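Worksheet: the structure to be examined is printed underneath.
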Ligand SMILES: C[S@@+](CC[C@H](N)C(=O)[O-])C[C@H]1O[C@@H](n2cnc3c(N)ncnc32)[C@H](O)[C@@H]1O
């Protein structure tokens, strides 16, 4: 059974205060990178895995998607998504991505932002998605970067010259990590970068592009607080297509 941390009050209150929660896609610094990989959405049926507050679902409809299915485990997240949405072509469905069912050959785009690093049964989910996508469809997603998820005790360490570095250990040991991010006891799944890529290939996807996101010069100038995100890759961004 998946951990439903977004329905824990302390976690949800802290998550709801993040810029990406309050400002939506514009508060997510990796969004410009993901956005440039998205196809023309006109008349596509779209699925958003771990849709959260539904920011991408609404954006996809503004860009002409015929329908959007937003899937999430958290009642808190879905309640906020529904309260922000007045569009009958967006359906929010409460479901666990660990055992998702989807209709076959239905969607022209699958999208997921920062949800798949919570999922243990990722090979199964990729297989279900592959079958749910139409020929030529895209699968665009982000996860926390493996350098970020690897450490047994994530955090900054001081080197011999008192410079801060992100301490990476246990990189080759894949599996759950329990971290204190926004609340104690958050469980994420660590996978190596090669594992993500090989799982996609084995599931019948071609890799179109990868990005190990860090802020651009322009983003740093506008938001100097992003500077630590240059010291380690924060997010892994993936654009794949049905092979
Ligand atoms: C970091 S939030 C991202 C939300 C949204 N995609 C965004 O970028 O704003 C991760 C989301 O994944 C959802 N999630 C985590 N594990 C899940 C699971 N097993 N099944 C479905 N949703 C899950 C959480 O409830 C949460 O809404």
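The values are calculated or read from the model by the stated rules, or taken from the named source; none is laboratory data. All figures in this text were calculated on a predicted structure; none of them were measured in a lab. No Cβ is skipped: glycine too gets one built from the backbone with ideal geometry, and neighbour counts run over all protein chains shown.
Only one entry of 65, 115 meets the criterion of being within 11 Å of the ligand (Cβ to nearest atom) and at pLDDT 95 or above, and that entry is 115. Does residue 200 satisfy the criteria of being buried (at least 19 other Cβ atoms within 10 Å of the Cβ), under 20 Å from residue 113 (Cα atoms), at pLDDT 95 or above and in contact with a strand residue (DSSP E or B) (Cβ under 8 Å, 6 or more places away or on another chain)? It is true that residue 200 is buried (at least 19 other Cβ atoms within 10 Å of the Cβ), under 20 Å from residue 113 (Cα atoms), at pLDDT 95 or above and in contact with a strand residue (DSSP E or B) (Cβ under 8 Å, 6 or more places away or on another chain). Taking the criterion of being surrounded by 14 or more Cβ atoms within 10 Å (Cβ to Cβ), in contact with a strand residue (DSSP E or B) (Cβ under 7 Å, 6 or more places away or on another chain) and not in a strand (DSSP E or B), the residues of the stretch 171-195 that qualify are 174, 193. Filtering the stretch 12-22 to residues that are buried (at least 18 other Cβ atoms within 10 Å of the Cβ) and more than 9 Å from the ligand (Cβ to nearest atom) leaves only 12.
Listed here are the residues, each with its yes/no results for (1) surrounded by fewer than 22 Cβ atoms within 10 Å (Cβ to Cβ); (2) under 19 Å from residue 8 (Cα atoms); (3) within 12 Å of the ligand (Cβ to nearest atom).
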{"site": "45", "(1), (2), (3)": "yes, no, no"}
{"site": "48", "(1), (2), (3)": "no, no, yes"}
{"site": "55", "(1), (2), (3)": "no, no, yes"}
{"site": "96", "(1), (2), (3)": "yes, yes, yes"}
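Only one entry of 9, 79 meets the criterion of being more than 11 Å from the ligand (Cβ to nearest atom), more than 28 Å from residue 211 (Cα to Cα) and at pLDDT below 95, and that entry is 9. Residue 225 fulfils the conditions (1) part of a helix (DSSP H, G or I); (2) surrounded by 14 or more Cβ atoms within 10 Å (Cβ to Cβ); (3) free of Cβ contacts under 8 Å to residues at least 40 places away in the same chain except for a single criterion, (2). Selection over the stretch 225-236 of residues that are farther than 13 Å from residue 28 by Cα and modelled with pLDDT of 95 or more gives a count of 1.
Among the residues of the stretch 61-87, those that are touching a residue at least 24 places away in the same chain (Cβ under 8 Å) and closer than 21 Å to residue 104 by Cβ comprise 65, 67, 69, 71.
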